[in-house]
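The values are calculated or read from the model by the stated rules, or taken from the named source; none is laboratory data. Since the structure is predicted, the reported quantities are computational estimates derived from the model, not experimental observations. A quick note on method: Cβ atoms are made from the backbone with ideal geometry, for glycine too, and the neighbour counts reach across all protein chains shown.
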Amino acid sequence: MTGFHEYIIDNLILKHETDLSFTVADDVKKFYDGLLLLLTYLLDPLSQCSGFGTIAIEAESVNSNKSRKSNLVLQFLTVAFKLIECERSLMNLQKHKATLEAHILDLIKSSHEELICLRVLLIGVLRQHTVLYEFHNVLMHAEVTANKIAQIIEGRSIEEIGLLLSEIESVHVEVRKVCFQFLDASPYNMTDGEGLIRFLLKHQDWLLNFDACSIPFLKNQIPVIKDKLFYLGSFIAAAIVQHRKMHQEFKDLVKHVQDIKFVCLFPIRDNAPSWCYSLYLSDVKQFLKFVETKVDAICLKVPDSSSHSFPKINGLGSLYCFLVKLDEMLSSKIDSVIDLKLQIGSVKEGLLCLRTLTDHFPEINDEHDEVYSLITRVTAMAYEAEYVIDSCLTYSYPLWYKVLWISESVENIKLVNEVVRETCERKKIDVMVHKVKKTSTNLVPSLSANSEGSNEEMESFQEAMDQMKKQLLQGSRQLDVISLVGMPGIGKTTLAEKIYNDPVITSWFDVRAQCRVTQVYSWRGLLLAILSGVLEPIDRNEKEDGELADELRRFLLTKRFLILIDDVWDDKVWDNIHMCFKDARNGSRIILTTRLSNVANYAKCESEPHHLRLFRDDESWTLLQQELFQGKSCPPEIVDVGFRIAKICGGLPLFIVLVAGVLKEKKLIKAELWKEIEESLCLLNIDSLEESMSIIGFSYRNLPQQLKPCFLYFGGLLKGKDIHVSKLTRLWVAEGFVQANEENGLEDAAECLLEDLISRNLVMGVEKRPNGKLKTCRVHDLLHKFCLEKSKQENFLLHINGFTGEDSFPEMSMDYRLFVHSSEDQIDQWQPSRSNVRSLLFNVIDSDNSFFPRNISFIFDSFKLVKVLDLESVNIGGTFPSEIQFLIHLKYFAAKTGGNSIPSCIANLWNLETFVIRGLGGEVILPSSLLKMVKIRNIQVTHRASFSLHENMGESLADSQLDNLETFSTPHFSYGEDTEMILRKMPKLRKLSCIFSGTFGYSEKVKGKCVLYPRLEFLCQLESLKVVSNSYPDKLPHVFSFPSRLRELTLSKFRLPWSQILSIGELPNLKILKLLLRTFEGDEWEVKDSEFRELKYLELENLNIAQWSVSEDAFPILERLVLTKCKRLKKIPSHFDDAVSLKSIEVNWCSLGVANSAKEIQAFQHDEIANDAFKVTIQPPDWDRNSSP
């Protein structure tokens, strides 16, 4: 409206005294005096209004026509300014939006928009002197309406505010009706989309033909309006195709574009001054913006992300990961991303501002706190922004639609930024000083599931332990079942495993094995678990269940065995297992744990079940002290409050260790701090088991925000099953739970998070690797149940159990993550519609025995936004599906396939980080295009992979570099330039498991002919290497080139003479060495003083060695020695008798001489050098009597 007052003067200053009567002229003078003031304060507060001096009005005489015309002009102006006053009042009302209901606020906003539209139309009419006379009745109606609106607003009558919109629209209809009487001659049909488009595209050129285009200001304005007109035309054309069903909405759209036509076709007079053109263009620009808003509201209704179940947790973590993702997008060369870089950059800019504000919020656990609610809102906003951008990159929406959709997301981000900024100011949160609460450093040492401290808790069960040991070692020669019964969390499994691993017990029984049943179990899995414990581990997958059961029964007939069967839920389970044991007559025993008394009574043979009781208060306090101080004395100032905290736990050991996990993560051990914990616990109700879940919730609420999604993730995994840490951490990374830091990479950082959960007693470490890192873990059943329930509340994940019949497969899922546990037949029957699921993980029972491929085409049709897709337990068929290339957001993909090749289109998955293939048909050929996947971090192919090589491959891959690849298994490499070229593209490789084929050649190293293997010395980051030989044995020297940084080395099937181990023994950083499956051959191995100076772990398996001698200074820091199936070896060298660094020797299926020498070393370690911690494990205890059939 800039310059509109000038336009009025231009029309009202008359050149002849007869133009106006004195009365009319005086009215115009008074009206204009107030006009400048109104324009200054009402129309545009930011604009500068300049005065024009005294108004000269020559009004001596006027004829009736001119008088009527002037009166109409005055009437137009009167109505226009009354509408402006209404606009101002509506704007003031919107400033009090916090006090207005949502639907009232929407009505006010809509009324305001319609008033703007109506006023612009009236101004357009005012410019056309020839049609003024047709608007007398309309103006009268408009003036009455304006007065009525003013009364409604002034009276603040909420009941009548709903009338605002209808009153305005009624006038609007009349104005349009009169306006378009003069446009009937237009050649464009304004009732359909094509007519609108032709009209808009024509008039964008018409605008450029203004004579005033030489004016600099107009030169800047006209292209902007042209772009807007072109945008609207293109938009409507595509929108009509995209949304044909939205008939009513497009009728409304046509209505508003008709207004554009009227404004455009009624321009100002040809001889008007330049500022009139400027005014006109300003009006058109403003009106186009208004119509754009209407278009946005109509066309952005599909799709609607507001109905999605975005997770409510990990808000700041998801924001961080999304920002990293946006950075990667902005540096991408993908066409679909390049087209949207401007909009993606705007999203990033808004999120960076938001992160600056929220990154320093205090950590809040109170769900009713305002900051907590705000972080939840930020979480939803971050997830929604990611959904919008990913959808735009996935689906074939037109570009205008993508731009509009992302722009709307940018506006939402701006709104949240304002709310966050206002909250920071009001709550005086200092974003420059306040620091995020990080995971605190423990003042007391962290406890793992296998720590000595946690073992001591069983002192409270000493009576039950003594009685159980007596029942195991004495009593009848008939089979007996010793059952442990108790509520979840009372310590059944911990007590049973302690007894099972007691040295006295292990030496008494010939063979031992253990298995875990749970509610959902596999009979075949139980058989294989027991067989692997009592017999030499071999591949039994081809045998039927009946054959496995018969093999187990026949072997156990002649043995005194001990079997631990954990967590039995059903009588039928016992019936199946008992068939393998019922004929035992030699003092064999079974330890059975269950929470159901009827199961224990059903399985009883002679001994009565042991019902475990809750801890007494003093026992609870003892356990809490053991967890926190590990034998050290408790500070006296916290004894009283500590005892009260232990008492609140209700005598359940699980809850005691959970509360201990919270206490030991606090920064200070002070009575005041412990009293705050006590007060929080007192608010909880733990009178029953179901209600006592609240104490788990207490432990959960005290977790740092970054640990919460990691913990809840266990709810989607199988209950009661051991979980491979390597897979778990990769999933966490793909899900965005892990943030890298300067000290650790993503996988290492994920392992640190897991260790933190273990130290808080929320996760149990089960098995460790030789390097001390965790190999497997699991969570308690009660904690698993909590994770499931909490995950539903937080929209974190949905677990579908197809076996129980309680969960159905959703036809359309709006959940963020889906974990499916079912049979393969159920997967075939699932036909979901389009879903916005981002993580889809399957766990199919008895998957190792599945040979039939499954149809997974529904995934590519319905789950196009998925980032994590785990089909490792599903046979996807003999042909790898090329449709996977359209799942462009995949970060983690795992599958089982009978195919022997991967299509080159896999490289289209430009976000992929982890690629896991379980091959069922032998070697899997990888495309060379895989070497272009710059984000790939982990490649795992079982059991063998090779690259598809072709001519000029080096040229086509010249610019490719896998700088992020850290683990790779199991490629087949041979000596040569191609192998070296491939490996040199992996400079950050840390772990490599591969197959080597040797090549005959010449080496300067040995000065003659030799067998050459691929060069690896340039892999400076390589720490762990596993190599299986695929070559025939040869007497020529074998030349290796291992990197000096290598810390772990595993070799298999090389069949080398022991003389060639010298190059391995000289590796300066080697800590772990495994020599497996006839890697070296020969009767005698002599270890010299200079060898294996840094070795801590040595494992020999399936070697035909008979004599082993070790020099005095060899293996100076060896800690663990493992011997498996070295049946010709006569004894362990006496060198290890007084090895002070040695902590344990493990003997599996070796000769009696080896077992006896291990016992002799144990006796020497205990008696002579007082190394009481030294342990020896022998399986089975007596090889001569317990060899396999």
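If the requirement is being assigned to a strand (DSSP E or B), surrounded by fewer than 20 Cβ atoms within 10 Å (Cβ to Cβ) and aliphatic (A, V, I, L, M), which of these qualifies: VAL1147, VAL1122, VAL1140?
Just one listed residue meets the conditions, VAL1122.
Kindly check whether there is at least one residue in region 555-566 that is among the acidic types (Asp, Glu), touching a strand residue (DSSP E or B) at 6+ places or on another chain (Cβ under 6 Å) and within 26 Å of GLU497 (Cα to Cα).
Within region 555-566 (the criterion being among the acidic types (Asp, Glu), touching a strand residue (DSSP E or B) at 6+ places or on another chain (Cβ under 6 Å) and within 26 Å of GLU497 (Cα to Cα)), the answer is yes, since at least one residue qualifies.
Scanning for something of a type outside the set (A, V, I, L, M, F, W, C) and either part of a loop (DSSP other than H, G, I, E, B) or modelled with pLDDT under 90 (or both), does region 637-646 turn up at least one residue?
no
Return the only residue of GLU606, GLU542 being surrounded by fewer than 15 Cβ atoms within 10 Å (Cβ to Cβ), touching a strand residue (DSSP E or B) at 6+ places or on another chain (Cβ under 8 Å) and either acidic (Asp, Glu) or outside any helix (DSSP H, G or I) (or both).
On inspection, the qualifying residue turns out to be GLU606.
List, please: which pairs have Cβ atoms under 9 Å, are six or more places apart or on different chains, and start with a residue in region 959-975 that is part of a loop (DSSP other than H, G, I, E, B) and end with one that is acidic (Asp, Glu)?
ASN964/GLU913; GLU966/GLU747
From the list LEU393, LEU342, which residue is at pLDDT below 90 and not in a loop (DSSP other than H, G, I, E, B)?
None of the others qualify; the one that does is LEU342.
How many residues does region 861-876 contain that are free of Cβ contacts under 8 Å to residues at least 60 places away in the same chain and under 15 Å from TYR892 (Cα atoms)?
6
Identify, please: which residue in region 920-959 is crowded, with 16+ Cβ neighbours inside 10 Å and modelled with pLDDT under 85 and is, among those, nearest to the chain's Cα centre (by Cα)?
That would be LEU957.
Just wondering, is there one or more residues in region 1029-1041 that are over 27 Å from SER1109 (Cβ atoms), part of a strand (DSSP E or B) and among the small types (Gly, Ala, Ser)?
Checked region 1029-1041: no residue is over 27 Å from SER1109 (Cβ atoms), part of a strand (DSSP E or B) and among the small types (Gly, Ala, Ser).
Is at least one residue of region 752-770 within 21 Å of the chain's Cα centre (by Cα), outside the structural domain of GLN514 (by TED's automatic domain parsing) and surrounded by fewer than 20 Cβ atoms within 10 Å (Cβ to Cβ)?
yes
Okay, residues lined up against (1) within 27 Å of LYS721 (Cβ to Cβ); (2) surrounded by fewer than 21 Cβ atoms within 10 Å (Cβ to Cβ); (3) modelled with pLDDT under 90; (4) not polar (S, T, N, Q):
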site: SER847; (1), (2), (3), (4): yes, yes, yes, no
site: ILE856; (1), (2), (3), (4): yes, no, yes, yes
site: LEU869; (1), (2), (3), (4): yes, no, no, yes
site: ILE884; (1), (2), (3), (4): no, no, no, yes
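Select from region 886-906 the residues that are in a helix (DSSP H, G or I) and crowded, with 17+ Cβ neighbours inside 10 Å and list them in ascending order.
ILE906
Assess whether LEU472 counts as being within 20 Å of ARG585 (Cα to Cα), in contact with a Lys or Arg (Cβ under 6 Å, 6 or more places away or on another chain) and of a type in the set (A, V, I, L, M, F, W, C).
Judged against the criteria, LEU472 is a match.
Residues to consider are LYS935, LYS991, LYS1007; find the one that is over 25 Å from LYS1053 (Cα atoms), outside the structural domain of PRO853 (by TED's automatic domain parsing) and not aromatic (Phe, Trp, Tyr).
Criteria check complete, one pass: LYS1007.
Could you tell me which of the residues PRO1033, PRO1037 is surrounded by fewer than 17 Cβ atoms within 10 Å (Cβ to Cβ) and of a type outside the set (D, E, K, R)?
PRO1033
For region 926-944, enumerate the residues that are under 21 Å from LYS891 (Cα atoms) and outside any loop (DSSP other than H, G, I, E, B).
LEU926, SER928, SER929, LEU930, LEU931, LYS932, ASN938, ILE939, GLN940, VAL941, THR942
From the set of residues in region 496-535 that are touching a residue at least 24 places away in the same chain (Cβ under 8 Å) and of a type in the set (S, T, N, Q), which is farthest from THR1177 (Cα to Cα)?
GLN519
Considering only region 686-792, give the helices (runs of 4 or more DSSP H) lying wholly within it that have at least 3 residues that are in contact with a Ser or Thr (Cβ under 7 Å, 6 or more places away or on another chain).
So the answer is 725-735, 746-759.
Within region 912-919, does at least one residue satisfy the condition of being farther than 20 Å from THR729 by Cβ, more than 23 Å from the chain's Cα centre (by Cα) and assigned to a loop (DSSP other than H, G, I, E, B)?
no
Restricting to region 984-1017, and then to whatever is hydroxyl-bearing (Ser, Thr, Tyr) and either under 37 Å from the mean Cα position of the chain (by Cα) or buried (at least 21 other Cβ atoms within 10 Å of the Cβ) (or both), can you tell me which residue is nearest to PHE947 (Cα to Cα)?
Selected residue: SER993.
Identify all residues within region 861-880 that are acidic (Asp, Glu) and more than 14 Å from LEU912 (Cα to Cα); write none if there are none.
Of everything in region 861-880, those that are acidic (Asp, Glu) and more than 14 Å from LEU912 (Cα to Cα) turn out to be ASP861, GLU872.
Sort out which residues of region 600-612 are under 46 Å from the mean Cα position of the chain (by Cα) and in contact (Cβ under 8 Å) with a residue 60 or more places away in the chain, and write them in order of number.
ALA600, ALA603, PRO609, HIS610, HIS611, LEU612
It is to be established whether one or more residues within region 979-991 are on the phi > 0 side of the Ramachandran plot, out of contact with any Pro (no Cβ under 6 Å at 6 or more places or on another chain) and not aliphatic (A, V, I, L, M).
No, that holds for no residue.
Among the numbered criteria (1) surrounded by 19 or more Cβ atoms within 10 Å (Cβ to Cβ); (2) modelled with pLDDT of 90 or more, which single criterion is violated by ARG524?
(2)
Given the structure, is PHE581 closer than 30 Å to LEU681 by Cβ and part of a loop (DSSP other than H, G, I, E, B)?
no
Output yes when any residue across region 1076-1083 is in a strand (DSSP E or B) and within 29 Å of ASN501 (Cβ to Cβ), and no when none is.
yes
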